[in-house]
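Contents: one structure, followed by commentary.
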Amino acid sequence: MSTYLINHLRIPGGVPTEESLRYLEQVQATTEAYGAKWLVLDAQVQVLEGSWPGSVVLIEFPDADTAMTWYNSPEYQAILALRVDHTINDLVLVDSVGPDFTVAGYARQIRTLLGQ
């Protein structure tokens, strides 16, 4: 089951620093051995509800363990400060739903847990 890394990215002043550019030049190489697929990079969002200042990065990993192994890898840790010291990030991992998932089925499971 795929796991997605989502980064709510904000670049102070709107212009990347030299360090941020060095990060961009190196980060993809750190993900290749982990089967990552870059799906979205610094994409501006269309806000339908609420507020979302900044942009989004979306990377697909084969699973959560692989995503965590990449994040904690020496290769990625060596460049991590280039991102976190020069941008504002909310970074999360989320698992995809299974192939048989339905929203109505999910609601039924919750009703069952609530005794309804």
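None of the figures in this text is laboratory data; all of them are computed from the coordinates on show. Keep in mind that what you see is a predicted model, and the values were worked out from it rather than measured. Neighbour counts are summed over all protein chains in view; Cβ atoms, including those assigned to glycine, are modelled from backbone coordinates with ideal geometry.
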Taking placed amide H atoms and a strict 5 Å upper bound, the residues 5 or more places from Asp63 or on another chain that come that close are Thr3
Between Glu60 and Gln116, what length in nm is gained on full extension when 0.36 nm per residue of separation is reduced by their alpha carbon distance?
-> 16.5 nm
Could you tell me how many degrees, from 0 to 90 and to the nearest 10, lie between the Cα long axis of helix 18-31 and the main elongation axis, the longest principal axis, of the Cα atoms of the chain?
-> 50
Using packing as a proxy for protection, rank 38-50, 65-77 so that the peptide with the highest average count of other Cβ atoms within 10 Å comes first.
-> 65-77, 38-50
Taking Cα pairs closer than 8 Å and at least 6 residues apart, the relative contact order of the chain in percent is 45
Val15-Ala104 FRET efficiency (beta carbon distance; Förster radius 35 Å; 0.05 resolution) = 0.15
When the helices in the chain are scored as -39500 (n - 2.57) per DSSP H run of 4 or longer and the sum is shared across all residues, what 222 nm value do you end up with, to the nearest 500 deg cm²/dmol?
-> -12000 deg cm²/dmol
How far is it, in nm, from the label point at Val84 to the one at Val97 when both lie 7 Å from their Cα along the line to the Cβ?
-> 3.3
Helix 74-84: angle to the longest alpha-carbon principal axis of the chain, degrees 0 to 90, nearest 10?
-> 80
Rough spin-label spacing in nm, given labels placed 7 Å along Cα→Cβ, for His8 and Val47 | 1.0
Which whole-Hz ³J(HN,Hα) couplings does region 45-55 yield from phi under the Karplus relation 6.51 cos²θ - 1.76 cosθ + 1.60, θ = phi - 60°, glycine and proline marked x?
-> 9, 9, 7, 9, 8, x, 9, 9, x, x, 9
3J(HN,Hα) from dihedral phi, region 87-101, Karplus parametrisation 6.51/-1.76/1.60, rounded to Hz, x for glycine, proline = 9, 9, 9, 10, 10, 9, 10, 9, 7, 6, 7, x, x, 9, 5
